[in-house]
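Enquirer: The structure is given below, and queries will be raised subsequently.
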Amino acid sequence: MNKGFGIWILMALTAGFLGAFYGWRGGTSLLFLLLLILLVALQGAAAQWLGPRQVHVVRSYHPRHPRAGEPVEVTVRVSLDGGSPPLWIRADDEWRHSGEGAEPPGEELPGGKLVFGGWRKEWTGTYDLKPVKRGVYRAEGMRITWGDSFGWFKRTFRADADDVLIVHPAPLTALSGGPGLFDPDAEGAGSGRAPELPSGSDLGRLRSYAPGDPLRHVHWKSSAKKGALLTRVPEEPVTPSRCLLLDTSPEAYPAGGGGADADGFELAVSAAAAWLERELARSDEVDFRQGDAAAREGRVAWKSLSGRHGLKEGLDQLAGAALVSSLSGPDLLQRAWPLARSRSMTFITGSLTAELTEAALLLTERGAALEIWCADLRDRDPEAARHAARLREKGLRLIDLSRYRGGLPGLAEGGASHVIA
């Protein structure tokens with residue numbers, strides 16, 4: 001709590017000087033000034049010492065689950081308990097990035113400033129956070145200041161808060177201006193259909209031969225046993241349940257001058273958000289895991305997501321996704337094999353390497369239905385082009401996300417507008 005002792009020292013020096021000068025020279029003008037100073041000090045003391053004793057702050061947000069690049073409207077309700085209501089109050093909100101997501105840890109996000117007037121104990125106001133980046137932001141508290149009518153004598157309370165603002169990544173499909181990410185006719189894009197696993201039976205269903213049936217569909221062995229021609233009716237391909245694996249190792253997103261390509265990783269996260277929205281809109285359940293959690297647990301532990309609640313849970317995880325030293329892409333694929341045997345897997349990474357290509361081919365040879373989304377396929381790189389050609393020859397679907405780089409929001413530093421209510 002700050003009571004502003006500096007103004008009292010200044011006021012005491014001023015009153016002492018005027019009192020001494022009045023005692024020496026006298027005069028009605030000096031007496032008037034001395035009484036005026038004492039009156040100002042009296043109303044300042046009343047504003048400071050007779051004001052509220054407790055402060056309560058409640059925040060709400062719109063939209064409730066914002067996406068990266070969207071402005072956020074923050075509604076603040078301030079309640080004061082005890083004492084007399086102040087003439088005015090000022091509320092200064094503060095936010096700090098928690099270190100999860102796109103922003104550096106501990107970076108401040110400028111909050112809003114609200115000024116309220118009137119003899120009341122409850123105020124409600126709104127301010128707008130400018131478009132912010134993906135991440136998890138925590139409220140640092142709110143400074144509530146009130147004072148006298150001149151604004152000289154102030155008192156400040158700090159209202160602690162544990163509010164958390166989670167900014168989801170913007171799905172890539174909503175940001176791209178060209179053909180959709182899942183448009184099979186778009187150049188460089190992959191089909192939106194899930195890879196199909198082979199049927200559980202090579203025989204399919206048998207029925208009696210009918211004129212016009214192709215001879216290649218006749219099952220001769222069963223026909224010989226029964227003594228009549230039987231035709232094999234192939235079963236429809238089985239569309240398996242889906243799973244998503246996001247590579248979060250810095251080595252998977254190399255930058256031209258060394259280090260990690262942060263923009264490439266944001267592209268991968270946005271693509272993962274698009275994948276979750278698409279699959280949960282048409283499937284009852286999907287499995288999701290990102291590499292950093294897999295590294296901490298020493299294995300690829302999958303999280304099952306379903307419905308709107310599952311979508312929010314998945315986007316919450318993506319909001320906090322960050323490039324951390326974790327399992328490499330090839331290791332992630334190898335450890336994901338137990339689930340890939342019965343799932344159709346989408347693997348999102350930053351670049352193709354020889355090790356990743358070998359791991360993907362091994363899973364494909366074992367019968368896994370795998371597709372790879374790459375933030376920078378770099379077909380202009382001869383080595384990467386050879387890796388891509390090998391994978392495509394084996395029927396593995398590749399999607400180059402780099403064509404959507406222009407769709408990511410170019411965000412300036414976040415901030416807030418200030419409101420006087």
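Enquirer: Consider ARG289 carefully, then state whether it is at pLDDT 75 or above, farther than 16 Å from SER351 by Cβ, outside any helix (DSSP H, G or I) and assigned by TED's automatic domain parsing to the domain that holds LEU356.
Expert: yes
Enquirer: Okay, moving on. Among (1) surrounded by 14 or more Cβ atoms within 10 Å (Cβ to Cβ); (2) modelled with pLDDT of 85 or more; (3) in contact with a Phe, Trp or Tyr (Cβ under 7 Å, 6 or more places away or on another chain), which single condition is LEU31 missing?
Expert: Unmet for LEU31, out of (1) surrounded by 14 or more Cβ atoms within 10 Å (Cβ to Cβ); (2) modelled with pLDDT of 85 or more; (3) in contact with a Phe, Trp or Tyr (Cβ under 7 Å, 6 or more places away or on another chain): (1).
Enquirer: Could I ask something else about it? Among the candidates LEU323, LEU315, which residue alone is under 20 Å from the mean Cα position of the chain (by Cα), in a loop (DSSP other than H, G, I, E, B) and at pLDDT 85 or above?
Expert: LEU323
Enquirer: Are any of the residues in the stretch 133-146 polar (S, T, N, Q) and out of contact with any Asp or Glu (no Cβ under 8 Å at 6 or more places or on another chain)?
Expert: no
Enquirer: Same structure, new question: Out of the strands (runs of 3 or more DSSP E) lying entirely within the stretch 99-216, which hold 2 or more residues that are modelled with pLDDT of 50 or more and more than 24 Å from PRO52 (Cα to Cα)?
Expert: Answer list for the stretch 99-216: 108-117, 122-129, 135-147, 164-167, 205-208.
Enquirer: So for the stretch 66-76 (the condition being surrounded by fewer than 17 Cβ atoms within 10 Å (Cβ to Cβ) and farther than 29 Å from LEU267 by Cβ), does at least one residue qualify?
Expert: Yes, there is a match, as at least one residue in the stretch 66-76 is surrounded by fewer than 17 Cβ atoms within 10 Å (Cβ to Cβ) and farther than 29 Å from LEU267 by Cβ.
Enquirer: Within the stretch 350-366, identify whether any single residue is touching a residue at least 40 places away in the same chain (Cβ under 8 Å) and under 18 Å from ASP287 (Cα atoms), and answer yes or no.
Expert: no
Enquirer: Name the single residue that is nearest to ALA46 (Cα to Cα) among those in the stretch 3-22 being exposed (fewer than 15 other Cβ atoms within 10 Å of the Cβ) and of a type in the set (Phe, Trp, Tyr).
Expert: Among residues in the stretch 3-22 that are exposed (fewer than 15 other Cβ atoms within 10 Å of the Cβ) and of a type in the set (Phe, Trp, Tyr), the one nearest to ALA46 (Cα to Cα) is PHE5.
The values are calculated or read from the model by the stated rules, or taken from the named source; none is laboratory data. All figures in this text were calculated on a predicted structure; none of them were measured in a lab. Reconstructed Cβ throughout: ideal geometry from the backbone, glycine too, with neighbour counts over all protein chains shown.
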